[in-house]
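**Q** Please read through the structure below; I'll follow up with questions.
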Amino acid sequence: MLKSEVVKTHYTRCMMLAVIVCFFNFIPLHANSPNRELKAIVTADNDFTTDEHPEGREIAVPKAVAKKIKSLVNEAYANLEPSLKREYSEEYFYGNVFRITAPGGRELYVFLQTGPLGVYFYYFILFDPKTNKVTKMPPCIYAKWMLGPAWGAELKKPLASFEDIDGDETEECVIQERVHNGTVYNAIVYHYYHISPDLSLRPVLAVETRLRDITTEDQDGIINRTLQKTGIGEVLLDVSLDCSTPNPLHRELGSVLLRSPEPGSPFKIVKKIVLDPDYGGLLITASGEDEFKFTIKGYDFYY
């Protein structure tokens, strides 16, 4: 599905859910708008935050990045339902922008694109001050579940980081996302993006790192997946269950070996080791999504 179709689908869904989710429209008139110079926030911990009023020093957004942000807003507004266009202007779509120092003298800009009825996205744009290049097609995550209450899964700092997971001595961009579907699925997914020379961010791995286990919900059970680099282009996911009440419990559930044939190529499942048959089908995800699709894109169902 094209990105424009995805955006339009989200707004169509949210029209039907307006009464339920309208309380998400808590963000006031934004400091950023299409008619003034865009500003970015630089936090003390070199990260972005989901706080409504983030702290940090303000800097001007580079013109190339500002142009990209405006194009994202223009696309979203163009796909807005006509009835909503009568109520909202493009200015409403400008949320906070954060600047994060990235490897190689580059900068990562995180743009919160707000919208009616809680349809928010975080976009990730790399910028090279030396060449003035930016990411042409910035990836995004759904921001609605990142904001507000915890939705059953805990975000942990940093939300954006860099780590070389394929051993090519080039760090991937790592983005943390909270995903949610009612009471049955609440998790934290880590997205790993390979940084190409043209600053494209290509998804190579998604890991359901922390999951609320509904079968041990009364014990505050969390399924944890820990990523270990075991070789060039090879990682191992150690999967375990940790319960905190009434007594602490740790149980190993199994592991999954994944390999990437070359830098920039998605990791694929090679081997599974099941230590607890009750959880054999949950070593990758409890989302119900196809495992091979999930390891690249994560959970992309939104409402």
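**Q** If the cut-off is a Cα-Cα distance under 20 Å, which lysines reach Lys268, setting aside same-chain residues fewer than 8 apart in sequence?
**A** The qualifying lysines are Lys229, Lys293, Lys297.
**Q** Which of Glu163, Glu177, Glu169 comes first, and how do the rest follow, when ranked by fewest Cβ neighbours within 10 Å?
**A** Glu169, Glu163, Glu177
**Q** If the chain between Glu291 and Asn74 were fully stretched, how many nm would it gain, using 0.36 nm times the residue separation less the Cα-Cα distance?
**A** Gain on extension, Glu291 to Asn74, equals 74.7 nm.
**Q** Compare the peptides 212-218, 282-288 by average per-residue count of other Cβ atoms within 10 angstrom and give them in order, highest first.
**A** Order by mean packing, descending: 282-288, 212-218.
**Q** Where Lys and Arg each count +1 and Asp and Glu each count -1, what net charge lies around Tyr109 among other residues with Cβ under 11 Å from its Cβ?
**A** Cβ neighbours under 11 Å give a net charge of +2.
**Q** Moving on to the next point. Going 7 Å from the Cα of Asp238 toward and past its Cβ, which residues in the stretch 274-303 have a backbone nitrogen under 11 Å from where you end up?
**A** Under cut-off, by backbone N: nothing.
**Q** Write out the trypsin sites (Lys or Arg not before Pro) in the stretch 140-182 meeting two conditions: DSSP loop, and at most 13 other Cβ atoms within 10 Å of their Cβ.
**A** When the trypsin sites (Lys or Arg not before Pro) of the stretch 140-182 are filtered for loop state and at most 13 Cβ neighbours within 10 Å, Lys156 remain.
**Q** Can you give the FRET efficiency to the nearest 0.05 for Ile214 and Lys272, using r as the Cβ-Cβ distance and R₀ = 30 Å?
**A** Using R0 = 30 Å, I get an efficiency of 0.90.
**Q** Between Phe301 and Asp164, what is 0.36 nm times their sequence separation minus the Cα-Cα distance? Round to one decimal in nm.
**A** Here the answer is 46.5 nm.
**Q** For the chain, what is the convex hull volume of its Cα atoms per residue in Å³?
**A** Convex hull volume per residue, Cα atoms: 139 Å³.
**Q** Order by neighbour count: Asp238, Asp51, fewest other Cβ atoms within 10 Å first, most last.
**A** Listed from fewest to most nearby Cβ atoms, that is Asp51, Asp238.
Every read-out reported here was derived from the displayed coordinates using simple, explicitly stated rules and does not represent laboratory data. This one's a predicted model, so the numbers in the text were calculated from it and none came from an experiment. Note that we place each Cβ from the backbone using ideal geometry, even for glycine, and neighbour counts take in every protein chain shown.
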